[in-house]
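Below is one structure, written out as structure tokens; comments come after it.
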Amino acid sequence: MSRSILTAVAWPYANGPRHIGHVAGFGVPSDIFSRYQRMAGNRVLMVSGTDEHGTPIQVQADREGVTARELADRYNRVIAEDLQGLGLSYDLFTRTTTRNHYAVVQQLFTALHDNGYIVERSQLSAIDAKTGRGLPDRYVEGTCPICGYDGARGDQCDNCGNQLDPQDLIDPRSKIDGATPTFVESAQFFLELPAFAEALKSWLGARTDWRPNVLKFSENLIGELRPRAISRDLDWGVPIPLPGWVDREDKRLYVWFDAVIGYLSASIEWSRRTGGAWEDFWHGGAAESFYFMGKDNVVFHSVIWPAILLGASGKPAGTPGAYGVLDLPDEVVSAEFLTMEGKKFSSSRSVVIYVRDVLERYGPDAIRYYLAVAGPESADTDFTWEQFVTRNNTELVAGWGNLVNRVMSLVNNNLGAIPEAGDLTAADLAALAASKAGFDGVGQLLGRNQVKAALQEAMRIVGEANGYLSVQQPWKLKDDPVRRASVLHVALQLIDDAKTLLTPFLPHSSQKVFQMLGGTGAWSGMPELREVDDLDGGPSYPVLMGDYASAQAVWESRPITPGAPIGPPVPLFTKLDPSVIEQELARLDPGETA
């Protein structure tokens, strides 16, 4: 029976291009999951966009001498183009500066406020000593008053996990210039998180299938919940929809509050653009919702966003707002951190490789493969160029690519089309059965978001296909054309199965294999960059959308068609020279490489 799946993907911040550390957490895993779910016959809504509000955008705009809107416009397009290049199959990738998003955020604020879950009170606000602007929580750093960790931020301590406010920090300093911020009394609006503690505790207690690190971290936060400010002294963001506040130029809803609401606003925008029903993915438990992010965003998705959804739905008390009773997440799928060559990613220190650069030099499937098989799924992992080159050459090129090339060359040179199979031997039948069985095994792993194990199992099946070919040696069967035809038919069926098993991970090369096997049209749909008008009269902007319903990929072994033409093979992957390692290391640290 078909299921409805909401894939809610963390919103990349639009203050610069994204590097592979970002897409390792939110991008590639969510796309692999969504592609598999579509192939399995399920209805998927995959949404996200660029997160464009808050002081960090304004700070970067000031550095570049442009307005915040100009900066957001530029990087919204850069990020959308890069995610398109990776093949991330969004049903809608939008942005938080649309009028639709503003309206949805204000509606949820109103529902929470009407139900008594947002209250006004005074707090100390951090102000940048040089510019006079408010400093966002994460732009104030200092020593944690609870555990003594020196790198705590003004919203939480990553060492002990406790929620903090900037004024709690010992020896606070601005992340922008290192100066000590000033603190002034300011009226702000607070989300009354403690009111949701029991409901959140009960909900988390029923999450038996979450990754243990995510669940434990989330449960530990419940006992420490405090009211949290959702407005700031800013001039860039969503206006506060209350009399006396909505027209103020110095107060805005804070970025973390409006960004998580983007999952709902993007679903509503998708509905308005396509005629689909967003309610099918948000009401009455009709859909399963999966949220993908890096571990530094877990608190927002496992505690704060559920609290917003509860309060806006009139729970634990109150009246549902304009969007009715909204479903809570079914799973928060958090990746750990990816480092590069033993160092934390840092654009300013050149410890980085941007998505655009890796796409230009190595193509999308090589990096998708690496991030899937060696990414930070359940533990912090280190990206090294040596490992990237080794895996590309030994697993993609020599393993999967060589299997396709050998068989396609034999068929093209000797037969020109898929041959009919004669009588099959026990070895033939065993190879076909093992290949077919892979769909259950790999599919179950993908359904549980065990991407690394799923890809390893798919590549094990590729290895078995290579083993079958090496034992049967069809290149030695020229004097037995009937047997040669049977072996090549089986080998082509194994390749066709493997192509399908690898499609969620490697959609671009799988399209090539599909075409080499005589297929026409789209095998697995690709995102399109579309220029659209704001639905409510704002500036136009690019979005990612796609026609995935018409793609032909399905999650099952399908018999290949004898007689389908087999043309000359085309390379699936490029073998990388070992010199690539030194070249990339030189880009990372040009001062230390001769």
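The values are calculated or read from the model by the stated rules, or taken from the named source; none is laboratory data. Since this is a predicted model, take the numbers as computed values, not measurements. Neighbour counts are summed over all protein chains in view; Cβ atoms, including those assigned to glycine, are modelled from backbone coordinates with ideal geometry. When the accessible area is computed, the model is the full protein with side chains, heavy atoms only, and any ligands, DNA or RNA have been set aside. Shrake-Rupley method; radii C 1.70, N 1.55, O 1.52, S 1.80 Å.
If Leu328 satisfies all but one of (1) part of a helix (DSSP H, G or I); (2) touching a residue at least 40 places away in the same chain (Cβ under 8 Å), what's the number of the condition it fails?
Result: Leu328 fails condition (1) only.
What is the number of the single condition among (1) under 25 Å from Asn162 (Cα atoms); (2) touching a strand residue (DSSP E or B) at 6+ places or on another chain (Cβ under 8 Å) that Val351 does not meet?
(1)
With Asn393, Asn412 as the choices, which residue is over 19 Å from Asp496 (Cα atoms) and of a type in the set (S, T, N, Q)?
Working: Asn412 fails: over 19 Å from Asp496 (Cα atoms).
Result of the check over Asn393, Asn412: Asn393.
Quick test of your reading of the structure: Ala187 fulfils all but one of (1) modelled with pLDDT of 90 or more; (2) part of a helix (DSSP H, G or I). Name the failing condition by number.
The single condition Ala187 does not satisfy is (2).
Give just the number: which of (1) part of a helix (DSSP H, G or I); (2) open to solvent by less than 20 Å² (accessible area, probe 1.4 Å) does Phe505 not satisfy?
(1)
Filter the range 1-37 down to the residues that are under 26 Å from Gly284 (Cβ atoms), assigned to a strand (DSSP E or B) and open to solvent by 10 Å² or more (accessible area, probe 1.4 Å) and list them by number.
Passing the criteria: only Ser4.
Scan (1) modelled with pLDDT of 95 or more; (2) open to solvent by 50 Å² or more (accessible area, probe 1.4 Å) for the single condition Ser347 breaks and write down its number.
For Ser347, the exception is condition (1).
Check every one of the strands (runs of 3 or more DSSP E) wholly within the range 89-177 and list those with 3 or more residues that are free of Cβ contacts under 8 Å to residues at least 60 places away in the same chain and open to solvent by 20 Å² or more (accessible area, probe 1.4 Å).
Working: elements: 92-95, 118-127, 140-143, 170-174.
So the answer is 170-174.
So which pairs qualify, if the first residue must be in the range 183-201 and without any contact (Cβ under 8 Å) to a residue 60 or more places away in the chain, the second must be hydrophobic (A, V, I, L, M, F, W, C), the Cβ gap must be under 8 Å, and the two must be at least 6 apart or on different chains?
Once the first residue is without any contact (Cβ under 8 Å) to a residue 60 or more places away in the chain and sits in the range 183-201, its partners that are hydrophobic (A, V, I, L, M, F, W, C) give Phe183/Leu124; Phe183/Ala126; Phe183/Ile127; Pro194/Leu225; Ala197/Ile222; Ala197/Leu225; Lys201/Ile222.
Quick one: Ile308 ticks every box in (1) surrounded by fewer than 20 Cβ atoms within 10 Å (Cβ to Cβ); (2) out of contact with any Asp or Glu (no Cβ under 9 Å at 6 or more places or on another chain) except a single one, so which number is it?
Just one mismatch for Ile308, condition (1).
Can you find, within the range 541-564, the residue that is nearest to the chain's Cα centre (by Cα) among those that are more than 18 Å from Asn42 (Cβ to Cβ) and open to solvent by 70 Å² or more (accessible area, probe 1.4 Å)?
So the first thing to find is which residues in the range 541-564 are more than 18 Å from Asn42 (Cβ to Cβ), and the list is 541-545, 557-564.
Within this subset, residues satisfying the condition of being open to solvent by 70 Å² or more (accessible area, probe 1.4 Å) are 558-559, 561.
Working: Arg558: 30, Pro559: 33, Thr561: 36 Å.
For the range 541-564, the residue satisfying everything is Arg558.
Inspect the range 90-97 for any residue being at pLDDT below 90 and either touching a helix residue (DSSP H, G or I) at 6+ places or on another chain (Cβ under 9 Å) or of a type in the set (Lys, Arg) (or both) and give the result as yes or no.
Scanning the range 90-97, I find no residue that is at pLDDT below 90 and either touching a helix residue (DSSP H, G or I) at 6+ places or on another chain (Cβ under 9 Å) or of a type in the set (Lys, Arg) (or both), so the answer is no.
Here are some residues: Phe573, Phe514. Which one is part of a helix (DSSP H, G or I), surrounded by 15 or more Cβ atoms within 10 Å (Cβ to Cβ) and touching a helix residue (DSSP H, G or I) at 6+ places or on another chain (Cβ under 9 Å)? Outline the logic, then answer.
Working: Phe573 fails: part of a helix (DSSP H, G or I).
Step by step, each of Phe573, Phe514 is checked, and only Phe514 is part of a helix (DSSP H, G or I), surrounded by 15 or more Cβ atoms within 10 Å (Cβ to Cβ) and touching a helix residue (DSSP H, G or I) at 6+ places or on another chain (Cβ under 9 Å).
Here are some residues: Pro212, Pro194. Which one is open to solvent by 50 Å² or more (accessible area, probe 1.4 Å) and within 27 Å of Asn449 (Cβ to Cβ)?
Just one listed residue meets the conditions, Pro212.
Tally up the residues in the range 355-377 that are part of a loop (DSSP other than H, G, I, E, B) and under 14 Å from Leu455 (Cβ atoms), please. Break it down into steps so the answer makes sense when it comes.
Initial filter on the range 355-377 (part of a loop (DSSP other than H, G, I, E, B)): 363, 375-377.
Going one step further and asking which of them are under 14 Å from Leu455 (Cβ atoms), we end up with 375, 377.
Final tally of qualifying residues: 2.
How about the range 381-434: which of its residues are open to solvent by less than 60 Å² (accessible area, probe 1.4 Å) and either in a loop (DSSP other than H, G, I, E, B) or on the phi > 0 side of the Ramachandran plot (or both)?
Thr384, Gly416, Ile418, Pro419, Ala421, Gly422, Thr425
Just for the range 48-83: of the residues that are among the aliphatic types (A, V, I, L, M) and over 24 Å from the mean Cα position of the chain (by Cα), which one is farthest from Val260 (Cα to Cα)?
The selected residue is Val66.
Please go through the range 38-53 and pick out each residue that is surrounded by 24 or more Cβ atoms within 10 Å (Cβ to Cβ) and among the polar types (S, T, N, Q).
Selection gives Ser48, Thr50.
Identify the single condition in (1) part of a loop (DSSP other than H, G, I, E, B); (2) surrounded by 13 or more Cβ atoms within 10 Å (Cβ to Cβ) that Ile581 does not satisfy, given that it satisfies every other one.
(1)
Of all residues being farther than 16 Å from Ala498 by Cβ and of a type in the set (D, E, K, R) in the range 435-456, which is most open to solvent (accessible area, probe 1.4 Å)? Just the residue, please.
Among them, the one singled out is Arg448.
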